[in-house]
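The values are calculated or read from the model by the stated rules, or taken from the named source; none is laboratory data. Being a predicted model, the structure only gives us computed values, none of them experimental. Cβ: placed from backbone, ideal geometry, glycine included. Neighbour counts: every protein chain shown. Just so you know, the surface numbers come from the protein's heavy atoms only, side chains and all, with ligands and any DNA or RNA stripped out. Shrake-Rupley method; radii C 1.70, N 1.55, O 1.52, S 1.80 Å.
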Amino acid sequence: MDMHYSFPEGFWWGSASSAPQTEGESLSHGKTPTTWDHWFRLQPERFHHGVGPAQTSTFYQHWKEDIALLKALNHNTFRTSISWARLIPDGTGAVNQEAVAFYNQVIDELLRQGITPFINLFHFDMPLSLQEQGGFENRKVIDAFEAYARTCFELFGDRVTHWFTFNEPIVPVEGGYLYDFHYPNVVDFRRAATVAFHTMLAHARAVKAYHERNDGGEIGIILNLTPSYPRSQNPADVKAAHIADLMFNRSFLDPALHGSYPEELVALLAQYDQLPVCQPGDKELLAAGVVDLLGINYYQPRRIQCRDSQVNPDSPFMPEWFFSAYEMPGRKMNPYRGWEIYEKGVYDILTRLRVEYGNPRCYISENGMGVENEQRFERDGQIQDDYRIEFVRDHLKWLHKGMSEGSRCLGYHMWTFIDNWSWCNAYKNRYGFVSLDLESQKRTIKKSGEWYRQVAAKNGFDE
Ligand code: BGP
């Protein structure tokens, strides 16, 4: 049967990107190193084909052309981030006027093209000067972040009405302090918990500062939510999935939407002596961090089973003390990234938010599929990425169902609009609606980009 999926008037069609993954010029035009520039200097072999953060998709030069491409894709909204180390090279203090001019141009051009800019303040890119003082382990960095946020609101808040404090704040915690895929490559749960807690305090300071200004816009956070599915209904599996959910979703979702941590999570960490140090006033501050808008990045579910071995009590305390990963037979995979594709996850997230979190205003802020060696799909100069069309369409169908049941989902942003630099994977997997020739920097719209252009124009699709 033919089905028509239509979306409400004003639905946000767009895509997301970030400063560190697109701008390039990472050590020039006044920008100082972030943890990425530093880590690349120390260990270039950790980056796919030795491609580092200086070689990203040259947005610093090609912003105008890239915004024209966003327009060609019929975007009405677009998210990117400001680079803290570019705007305030020492992390605190003096503002780099060239950066101000750059971001002003980008914002003004987006607006001129009828594209609402969504601006995020932090996308994994800690200025090295602040990391050297302990990064988010040091409470002083909370003050620095607040000052940086205030500077951004002051400079750009007359035109930017959609702000986000952090993108996937759990990722630098896991990557940098538990699983060794971000600098500073530490394995220490208590330090991880401290970074997580201080990040949310910094978030709350920025939310509070923004609300006090009464600029008429809104501020949110972007979380990567991974629905946690137990292998079976056996109580041990259910409990394991429940703890994984507490650690990986509710650890940020509850403070962002309720302004407090789940008691169960606090009790669990207290039991193992892993709680960060709290100061008077923290509780009230956290409560002030409730967001106006939640961005949801959804890539993959988290499938969980109970552990079937005892924990080595001498091993470092880890989330995996309580559960193991489960590989569901028959699961659909994106083999290049090693992530399961489970479209219904988007619906499960929206439903949970509606039922358990009071149905907050939200949108899908990232969803996408990274594919290796995409050139093999090129015909007549264009990449025929039918798999990406299918991926987006199938997620949109579940999103649509969530909305039809009452979820307040306001839009869908793809990761990402142009192939960009994916951290340690560099250019291994391509995610864009637009392909990037790394040699010539030539940009070409893929078949999926043509498709998305139509969907946005029609505000829906038929099937
Ligand atoms: C998200 C990040 C993005 C982006 C994306 C794809 O976690 O917010 O920055 O990179 O994932 O993942 P990856 O680049 O690791 O393949």
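Structural remarks
- Residues located in the stretch 328-339, provided they are out of contact with any strand residue (DSSP E or B) (no Cβ under 7 Å at 6 or more places or on another chain) and in a loop (DSSP other than H, G, I, E, B): Pro329, Gly330, Pro335, Gly338
- With respect to the stated conditions, Arg354 fails to be free of Cβ contacts under 8 Å to residues at least 24 places away in the same chain and either of a type in the set (A, V, I, L, M, F, W, C) or more than 16 Å from the ligand (Cβ to nearest atom) (or both).
To keep it simple, each residue is scored yes or no on (1) open to solvent by less than 20 Å² (accessible area, probe 1.4 Å); (2) assigned to a loop (DSSP other than H, G, I, E, B).
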{"residue": "Leu223", "(1), (2)": "yes, no"}
{"residue": "Thr226", "(1), (2)": "yes, yes"}
{"residue": "Ala236", "(1), (2)": "no, no"}
{"residue": "Ala241", "(1), (2)": "yes, no"}
{"residue": "Ala244", "(1), (2)": "yes, no"}
{"residue": "Met247", "(1), (2)": "yes, no"}
{"residue": "Tyr261", "(1), (2)": "no, yes"}
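The rows are residues; the columns are (1) of a type in the set (Gly, Ala, Ser); (2) more than 16 Å from the ligand (Cβ to nearest atom); (3) modelled with pLDDT of 95 or more; (4) closer than 28 Å to Thr199 by Cβ.
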position: Val291; (1), (2), (3), (4): no, yes, yes, yes
position: Gly295; (1), (2), (3), (4): yes, no, yes, yes
position: Gln300; (1), (2), (3), (4): no, no, yes, yes
position: Gln305; (1), (2), (3), (4): no, yes, yes, no
position: Asn312; (1), (2), (3), (4): no, yes, yes, no
position: Trp339; (1), (2), (3), (4): no, no, yes, yes
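- Taking the stretch 372-388 as the range and being in contact (Cβ under 8 Å) with a residue 60 or more places away in the chain and not charged (D, E, K, R) as the test, the residues that pass are Gly381, Gln382, Ile383, Gln384.
- Some residue of the stretch 445-458 being modelled with pLDDT of 95 or more, of a type outside the set (Asp, Glu) and in a loop (DSSP other than H, G, I, E, B): yes
- All positions within the stretch 159-176 that are open to solvent by less than 10 Å² (accessible area, probe 1.4 Å) and of a type in the set (Ser, Thr, Tyr): Thr165
- Any hit, the stretch 291-304, residues being in a loop (DSSP other than H, G, I, E, B), out of contact with any strand residue (DSSP E or B) (no Cβ under 6 Å at 6 or more places or on another chain) and either of a type in the set (A, V, I, L, M, F, W, C) or free of Cβ contacts under 8 Å to residues at least 60 places away in the same chain (or both): no
- Search result, residues across the stretch 8-42 that are in contact with a helix residue (DSSP H, G or I) (Cβ under 7 Å, 6 or more places away or on another chain) and part of a loop (DSSP other than H, G, I, E, B): Glu23, Gly24, Glu25, Ser26, Leu27, His29, Gly30, Lys31, Thr32, Pro33
- Filter result (more than 30 Å from Gly52 (Cα to Cα) and either at pLDDT below 95 or open to solvent by 10 Å² or more (accessible area, probe 1.4 Å) (or both)) within the stretch 1-21: Met1, Asp2, Met3, His4, Tyr5, Ser6, Phe7, Pro8, Glu9, Gly10, Trp12
- Test: residue in the stretch 243-250 that is in contact (Cβ under 8 Å) with a residue 40 or more places away in the chain, more than 16 Å from the ligand (Cβ to nearest atom) and more than 19 Å from Glu168 (Cβ to Cβ): yes
- Complete set of residues in the stretch 340-355 that are more than 14 Å from Asn249 (Cα to Cα) and out of contact with any strand residue (DSSP E or B) (no Cβ under 8 Å at 6 or more places or on another chain): Tyr342, Glu343, Lys344, Tyr347, Thr351, Arg354, Val355
- The residue of the stretch 43-54 that is most open to solvent (accessible area, probe 1.4 Å), among those that are within 16 Å of the ligand (Cβ to nearest atom) and part of a helix (DSSP H, G or I), is His49.
- Ile418 within 16 Å of the ligand (Cβ to nearest atom) and not small (Gly, Ala, Ser): yes
- Test: residue in the stretch 385-397 that is touching a strand residue (DSSP E or B) at 6+ places or on another chain (Cβ under 6 Å) and either within 15 Å of Tyr363 (Cα to Cα) or buried (at least 16 other Cβ atoms within 10 Å of the Cβ) (or both): no
- Evaluation of Lys397 against (1) free of Cβ contacts under 8 Å to residues at least 60 places away in the same chain; (2) of a type outside the set (A, V, I, L, M, F, W, C); (3) assigned to a helix (DSSP H, G or I) (one fails), failing number: (1)
- Positions within the stretch 121-156 being outside any helix (DSSP H, G or I) and either within 16 Å of the ligand (Cβ to nearest atom) or open to solvent by 10 Å² or more (accessible area, probe 1.4 Å) (or both), in sequence order: Leu121, Phe122, His123, Phe124, Asp125, Met126, Glu132, Gln133, Gly134, Asn138, Arg139
- Within the stretch 157-196, the set of residues being within 21 Å of Tyr363 (Cβ to Cβ) and either among the small types (Gly, Ala, Ser) or within 15 Å of the ligand (Cβ to nearest atom) (or both) comprises Gly157, Phe164, Thr165, Phe166, Asn167, Glu168, Pro169, Ile170, Val171.
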